[in-house]
Amino acid sequence: MKKAAHILLMSGMLMSGAVSAEGLLQVYQEALQADPKLKTAELSLEMVDAQSGQALGQLLPQITGTVNVSKNQQTTVGINSQNYDGTRYYVSLTQSLFDFGKFWDWKRTQKVQDQYAAELDAARHELLLSVAERYFAVLDADEALSLAKLEKQTTEIQLNQAKEQFAKQLIKITDMYEVEARLDQIKADEIEAASRLKISQQALMELTNVNTTAFDPLRDDIEYNELDGNLEEWIEVAKSQNPSLTAQLNAIDAADDNVVVQKSRYLPVVDLQLNYYDTDTGFQSVQAPQTQTQVAAINVNVPIFTGGVTTNKVAEANSRLNIAKEQHQAMFRELVKDISDAFTSSNANAMRIKASQKALSSAVMSREAMQTGLGYGVQTMADVMRSHQLEFKAKRELAKSKYQYISNRFKFLKLIGAISEENIVEVNGWLMPKPNT
């Protein structure tokens, strides 16, 4: 299925003769350096690595040393007083021989490491998707604003023509009012489009922390193909490649190990202890000038009664395990739905683009025919205005479909776990670099 994913990228997202551009790739590189969510995921993994090292350290020998230097005074009442200087050295080594809890806690932290590593991959995938979605949301809003301005200019020309014709009593006043009303509506649409552009730019700035207002636009000579394969195959791919799903499975394994850790509290703990004492302190130095003691012992600690603490910790661990399983089930169901939605939407966008291209072509021919008819007096100014309106509507629908196609394609790749920086580089070639100004 990995081969199928590769075919998907090559057939669905490549175009011949792509020109290298900076827009999307540059934005992604900025986001890669600035995104706090990605940095948080990286730091979280470092934290868990340290926790795993701590758990492993509990299985290794524990060595402590103590040095004591003292001055002591012994006074015999009514007789004399003596001073004794002394030193004391103490070294202890403890090695766990049988501690099931420590061993399984170390195993648990390894699963947690895998979980956070998968969550880091998920954060990277999320950043790739967010950059693409927000970048093309900016382009969508920018094109909507450009079309609104162009339609406003066209309608203003029509309004001037309508006023001239009304002055010559060639059209009714209602026709002129209709053009004025349409112009007012376009001005309102322009304000809304400008607001949407500003909001989308701010959303992108949230990722990059860079205030960018100029972006490379989408080329016109791109093929928008439907996804290959069937939905069931892509769901199988997601089961093995989606990092969020993998992280949840690792969370279940870690919770399962934690149950074993808590159950091990019922078992005895066996330690090997080696102690060395070297004492030459105070009055003891009179009794024995220097004392050296070596002790080797095996300590067995048997839990007998903990007031129900261990039993309740086992119950808590089991509940956490069941919660993790339910969360995994909910995540998987949501993932299946999202993959299905993205798969269907992406293919629908591809078909809609083709339909919108035909609709635009028809709208252009209709507008040209209306203008010709106006010259012969068989069409009214209102008819021409409505034909222009349909043409601009078709242009907006076509542009919107293209941007939705790209966003849904990125979303689909993210959901199946196949999204990568290569997709950013690839789609970056779909852009047309703006000349330096």
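The values are calculated or read from the model by the stated rules, or taken from the named source; none is laboratory data. Just so it is clear, the model here is predicted, and its values are computed rather than measured. When we count neighbours, we look across all protein chains shown, and the Cβ atoms used for this are built from the backbone with ideal geometry, even at glycine.
Please go through (1) closer than 30 Å to Leu32 by Cβ; (2) of a type in the set (D, E, K, R); (3) outside the structural domain of Asp257 (by TED's automatic domain parsing) for Asp85 and return the number of the only condition it doesn't satisfy.
The number of the failed condition is (1).
Hey, can you tell me all the residues within region 165-184 that are of a type outside the set (Val, Ile, Thr) and surrounded by 12 or more Cβ atoms within 10 Å (Cβ to Cβ)?
Gln165, Phe166, Leu170, Lys172, Asp175, Met176, Tyr177, Glu178, Glu180, Arg182, Leu183
For Ala418, all conditions in the list (1) within 24 Å of the chain's Cα centre (by Cα); (2) assigned to a helix (DSSP H, G or I); (3) over 29 Å from Arg182 (Cβ atoms) hold save one; what is the number of the exception?
(2)
Output the qualifying pairs, or none if there are none: Cβ atoms under 6 angstrom, residues six or more apart or on different chains, first residue in region 326-350 and farther than 14 Å from Leu231 by Cα, second residue not hydrophobic (A, V, I, L, M, F, W, C) and not in a helix (DSSP H, G or I).
Ala350/Tyr224; Ala350/Glu226
When you check Thr66 against the structure, is it modelled with pLDDT of 90 or more and not assigned by TED's automatic domain parsing to the domain that holds Asp216, yes or no?
Yes.
Does Asp216 satisfy the condition of being in the same structural domain as Lys354 (by TED's automatic domain parsing), in contact with a strand residue (DSSP E or B) (Cβ under 7 Å, 6 or more places away or on another chain) and not in a helix (DSSP H, G or I)?
yes
Condition first: surrounded by fewer than 18 Cβ atoms within 10 Å (Cβ to Cβ), among the acidic types (Asp, Glu) and modelled with pLDDT of 85 or more. Can you find one or more residues in region 381-396 that meet it?
no
Here's the yes/no breakdown for (1) in contact with a strand residue (DSSP E or B) (Cβ under 6 Å, 6 or more places away or on another chain); (2) among the small types (Gly, Ala, Ser); (3) in a strand (DSSP E or B):
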| site | (1), (2), (3) |
| --- | --- |
| Leu60 | no, no, no |
| Thr64 | yes, no, yes |
| Val69 | yes, no, yes |
| Gln73 | yes, no, yes |
| Ser81 | yes, yes, yes |
| Tyr84 | yes, no, yes |
| Thr87 | yes, no, yes |
| Val91 | yes, no, yes |
| Thr94 | yes, no, yes |
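As an exercise: evaluate Ala162 against (1) exposed (fewer than 14 other Cβ atoms within 10 Å of the Cβ); (2) assigned to a helix (DSSP H, G or I) and give the number of the one condition it does not meet.
It is condition (1) that Ala162 fails.
Starting from residues that are surrounded by 21 or more Cβ atoms within 10 Å (Cβ to Cβ) and charged (D, E, K, R), keep the ones in region 143-157 and report whichever is nearest to Lys411 (Cα to Cα).
So, considering only residues that are surrounded by 21 or more Cβ atoms within 10 Å (Cβ to Cβ) and charged (D, E, K, R), the one nearest to Lys411 (Cα to Cα) is Glu143.
Given (1) farther than 30 Å from Gln273 by Cβ; (2) surrounded by fewer than 18 Cβ atoms within 10 Å (Cβ to Cβ); (3) assigned by TED's automatic domain parsing to the domain that holds Arg409; (4) not small (Gly, Ala, Ser), where does Gln51 come up short, assuming only one miss?
The failed condition is (1).
When residues of region 324-335 are filtered for being in contact with a helix residue (DSSP H, G or I) (Cβ under 8 Å, 6 or more places away or on another chain) and surrounded by fewer than 17 Cβ atoms within 10 Å (Cβ to Cβ), how many remain?
Qualifying residue count, region 324-335: 4.
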